[in-house]
Amino acid sequence: MSEVKIFVPAPDRSPPSNTLGPVAWLRENLFGSISSSIATLLFFYLCFSYLPPFVDWAFIKANWTGTDRSVCEANAAGACWTFINVRLEQILFGLYFASKPEELWRPTLIFVLFFALLLPLLFERTPGKKWLSIALLGVFPVVFYFVVYGGSFGIPQSNTTQWGGFLLTFALAFVGILLALPIGILLALGRRSEMPVIRSICVIYIEFWRGTPLITILFMASVMLPLFFPAGVEFDKVVRAMIGITMFQSAYTAEAVRGGLAAIPKGQAEAAMALGLGYWRRTVLITLPQALKISIPSIVNTFIALFKDTSLVSIIGLLDLLNMAQTAARSVEWKGYDIEGYLFAGFIYWAFCYGMSRYSQNLEHKLDTNRRN
Amino acid sequence: MTERTRIPLHRDPRVRAILVQVLAAVVVGYGFYSLFQTTVDNLVARGIQTGTNFFDEVAPFQIGFTPFFDYKLGESKYIDVFFVGIQNTILVAVLGIIAATLLGFFIGVIRLSPNWLVSRGALVYIEIFRNVPLLLQIMFWNFAIFLPTLPAPKNSIAMGAFYLNARGFHTPLPVIENTTDFAIWIALLTFLVIGLVMFARRAKALFEETGRRLPVPWISAAALIIGGYIFYLVSGSPLSFDEPVLGRFNFKGGGQLPLPLFSLWFALTLYTSAFIAENVRAGIQSVSHGQTEAALALGLSRKDTVNLVTIPQALRVIIPPTISQYLNLTKNSSLAVAVGYEELVAVWAGITLNQTGQALVIIGMTVAVYECLSLLTSFVLNWYNKRIQLTER
Amino acid sequence: MTTDIHMASAELGDTIIKIDELNKWYGQFHVLKDINLDVKRGERIVICGPSGSGKSTLIRCINRLETHQEGSIVVDGIELTEDTKHINEIRREVGMVFQHFNLFPHLTVLENCTLAPIWVRKAPKREAEETAMRYLERVKIPEQANKYPGQLSGGQQQRVAIARSLCMNPRVMLFDEPTSALDPEMIAEVLDVMVGLAEDGMTMLCVTHEMGFARKVANRVIFMDGGQIVEQNEPEEFFNNPQNDRTELFLSQILQH
């Protein structure tokens, strides 16, 4: 037998310098080929010809302070954020609260409370998530009712028809998701039921609401709903819109939950059956918790869609964020500053929707990797 | 042998299932019944007579945009308004679907460009346009951008015979000058197309026999354009173009897309294309890298790899959600009511409802139209999915 | 099938693959270090080593599924550079079988096999189909020709993948852990096909841990670790008398069961 050689690993060397560093990155990602280089140059050209004027208008030359339009008229080259600044309370909280400075603490408190409850929930390691969720979905709506609507504890009552701005958008979306979730879960379970009658009822319900544009549903809610209830029962416009939105949203939530239910392997329910659990226990203890977890991303996606869709109530005359911004920009004092109004409202919508969609994407990514491991 | 014990009825799942279903049917049935009753009572109490009699009454309002319908104030009836509405809905939906598909595929493809800037640019586009409410976008373009910035008719932006101004977009329209000549031209064109089809078949056979590939798409396109034009001249130039001409207040003649339609179409296109682009990106990324590698390893060129391996697989993922987006676009076109484009919801569920008060019938018919479209869409989707399953299992 | 298919190196042909001082990095990570390897026509090489040792990367460099930064690879007289013409020429001559088969799920088995001959070799369709059927018979699944890959078992899919490569009449076949994703009973059917190929004199480079296959078929076994070729030898010598402590350790780990 020959002598055994000892294996000595060779030391690592650095790669050739032309494959690393910013120059290599530029060459690979911006000038990888002729067409890529042309695209890069074109991109720069477009950016340089459109971006600076916009930044100039929106920030550098913009008017931020002042109390009336004379400031903006004096400097017409810049955006008139003065308008937003002056009308901010209206756009955020609506006419009722904007006209009563002593009541402004009510919507402010509500938003602070909401974010205090919501933000910790977004992180994975927050302890006591269960209680936070219960507080957000169970206690918060009650607080909302007493603080914003008022009428007891010495808090003056605010008329829902005077709710407006972002507060109304928020209320519509929150009520929509809150009520649609349980209805949607039941519909999803019903749609997967083995009983044909139950299944057909759920399918017809879901497909009916999904097939109709929300604006038609809102028209329906505002002109037909009064016909459906006995004389004497009356809802105001906001509540009617909430009912329409809930019906609509529950159908979409149902489809999101159904997707989650379908992804749970059959073995789960079978094992639960073998342990002797009945349908409801099996569902509540085994299938539903797993299914809901998987479907959170799609539920968030339906919520994003709903949040955007609440803007449709401005067509039936409610003063939500969009309509409030628009109305403010058409008032005598601020006529002609439509762009600023739309951009500001658009930015608020965008920030919320983009935040939610990033959150849902992250969650989806995490679920995906968890399942693979 | 033990005697078969009878299961108590309340523990027999079959009996329970039947009971539950009967109960559900009764509850839902009673719900509808009482809803119907209260509605009838309410209608009687308010003295409203529900029915379709108003269909034949003359509609007391004008509709500005009725491109495919001879609508006349003082002659046309309410039911005509319904059909005008449907036509206008279909028109904007078709225009929007075409533009959103083209733009969406383009953005989706460049989203995956190896060029970092281009791909980031596409990402920014997608994230901006899909996260802002469509209604806001429609109003923004119409009220904040187009209306104030587009010029009055006499200062229109001219692009050849096309004109854009604050009233809308004006295009020339082809008019048939001579019917016989036109028929000759169409006949010649038909022959050309038949010839090209035969040529394509022949080329395919040649390819399968000898492996020689002919550039069929290029040849066909060239033949259609050049041949079509020569035949047009040969048949005596049977078309003329009705060009828009500036009148006292606005352009007359030609085709006209009123500004609300233009804004709506513009916003629908941007919004929907962001969603389609996401579908396209997801579809292309769903084709695993192993597929590309295997094709390259077999020696297929980049172009053949994309055409023969990536695209056929990606399309299967892209098409179903894109069809759903088409339905969404059609439903979203109902937001036209905000800018005053005269589609179904605006003229029928809006104006006609206000004029007649016939809420039940009008909303019912509006919903029915959209339900039909929705059923049609899911029918197409099911058919497509079945066809795919056949070949893939 | 007891014919000894080991041939003395003298009977082997000229060099078909020549790898010289090959170096490759993934970012900062040095995956291949100074690889030198000559493959003769008709030679059958088994490459083994622990995971992450760079063995898959090495054979993926040969048909340029991976690009290298330093050194040269010459296949059948053509050097691998950025030149797509050369890359295409080499890929035409070099077949590859993947761990996860990578069959095209939207095409039937037959279409999988005829795709490249028709589009790359420009073979008439009839002829391509006949060739494909011949190879499908050879891998013993002609009856599955009109099914889709999803309808086949893992072993059948891998045999289709082999037939698909053979349809291009490659001069060299690369196998990248062809049996790692398979159940044990399916491994045998794939290995049988590979042994048959070897008997016909195909030049083969196999990354595999099937040591029985290596003993039976290979002219040379290469052991890699840390991006380097640690040791290479004829199978008998390699298994019975490893020259390096790292090799010994590896062999003792994989052969003790």
Those residues of segment A:224-249 which are touching a residue at least 24 places away in the same chain (Cβ under 8 Å), away from chain B (no Cβ under 13 Å) and assigned to a helix (DSSP H, G or I) amount to A:K237, A:V238, A:V239, A:A241, A:M242, A:I245, A:T246, A:Q249
I'd like the residue in segment A:344-355 that is at the interface with another protein chain (Cβ under 9 Å from one of its Cβ atoms) and either in contact (Cβ under 8 Å) with a residue 40 or more places away in the chain or of a type in the set (D, E, K, R) (or both) and, out of all such residues, is farthest from B:R130 (Cα to Cα). A:A345
Can you report the number of residues in segment A:191-210 which are in a helix (DSSP H, G or I) and at the interface with another protein chain (Cβ under 9 Å from one of its Cβ atoms)? 7
What number of residues within segment C:142-168 satisfy the criterion of being assigned to a loop (DSSP other than H, G, I, E, B), under 23 Å from the mean Cα position of the chain (by Cα) and surrounded by fewer than 21 Cβ atoms within 10 Å (Cβ to Cβ)? 2
Matching entry among C:A188, C:A181 (being assigned to a helix (DSSP H, G or I) and either farther than 13 Å from C:G95 by Cα or of a type in the set (G, A, S) (or both)): C:A188
Provide a single number: the residues in segment C:14-70 that are away from every other protein chain (no Cβ under 11 Å) and on the phi > 0 side of the Ramachandran plot. 5
Look through segment B:111-161, keep the residues that are aromatic (F, W, Y) and in contact with a Leu (Cβ under 9 Å, 6 or more places away or on another chain), and return whichever of them is nearest to A:S33 (Cα to Cα). B:W116
Among residues of segment A:301-316 being part of a helix (DSSP H, G or I) and hydrophobic (A, V, I, L, M, F, W, C), the residue nearest to A:M224 (Cα to Cα) is A:V313
Check B:S76 against each of (1) of a type in the set (S, T, Y); (2) in contact (Cβ under 8 Å) with a residue 60 or more places away in the chain; (3) under 30 Å from B:V367 (Cβ atoms) and name the one condition it does not meet. (2)
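For every residue, the table says whether it meets (1) part of a strand (DSSP E or B); (2) under 21 Å from C:M211 (Cα atoms).
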| site | (1), (2) |
| --- | --- |
| C:W25 | yes, no |
| C:L32 | yes, no |
| C:V39 | yes, yes |
| C:G42 | no, yes |
| C:I47 | yes, yes |
| C:S51 | no, yes |
| C:L58 | no, yes |
| C:T67 | no, no |
| C:G71 | yes, no |
What single numbered condition from (1) surrounded by 12 or more Cβ atoms within 10 Å (Cβ to Cβ); (2) at pLDDT 80 or above fails to hold for A:F115? (1)
Just to be sure, is A:L322 in a helix (DSSP H, G or I), out of contact with any Gly (no Cβ under 8 Å at 6 or more places or on another chain) and aliphatic (A, V, I, L, M)? yes
Kindly provide the set of residues from segment C:77-105 that are without any contact (Cβ under 8 Å) to a residue 60 or more places away in the chain and either at the interface with another protein chain (Cβ under 9 Å from one of its Cβ atoms) or in a strand (DSSP E or B) (or both), ordered by number. C:I78, C:E79, C:T84, C:I87, C:N88, C:E89, C:I90, C:R91, C:N102, C:F104, C:P105
Candidate set from segment B:317-358 (those that are crowded, with 21+ Cβ neighbours inside 10 Å, β-branched (V, I, T) and in contact (Cβ under 8 Å) with a residue 24 or more places away in the chain); member that is farthest from the other protein chains (Cβ to nearest Cβ): B:T322
So B:L246 passes all but one of these: (1) modelled with pLDDT under 80; (2) closer than 19 Å to B:A336 by Cβ. Which condition number does it fail? (2)
Looking at this structure, is B:T101 out of contact with any Phe, Trp or Tyr (no Cβ under 6 Å at 6 or more places or on another chain) and either in the same structural domain as B:T322 (by TED's automatic domain parsing) or assigned to a strand (DSSP E or B) (or both)? yes
Taking segment B:359-393 and keeping only residues that are among the aliphatic types (A, V, I, L, M), without any contact (Cβ under 8 Å) to a residue 40 or more places away in the chain and away from chain A (no Cβ under 11 Å), one is left with B:L390
What is the number of the single condition among (1) within 30 Å of A:A328 (Cα to Cα); (2) modelled with pLDDT of 85 or more; (3) more than 8 Å from chain A (Cβ to nearest Cβ) that B:G168 does not meet? (2)
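Look at C:R171 and say whether it is crowded, with 22+ Cβ neighbours inside 10 Å and of a type in the set (D, E, K, R).
Considered against the rule, which asks whether it is crowded, with 22+ Cβ neighbours inside 10 Å and of a type in the set (D, E, K, R), C:R171 comes out as no.
The values are calculated or read from the model by the stated rules, or taken from the named source; none is laboratory data. On a predicted model such as this, the values are computed, not experimentally measured, just so you know. Cβ: placed from backbone, ideal geometry, glycine included. Neighbour counts: every protein chain shown.
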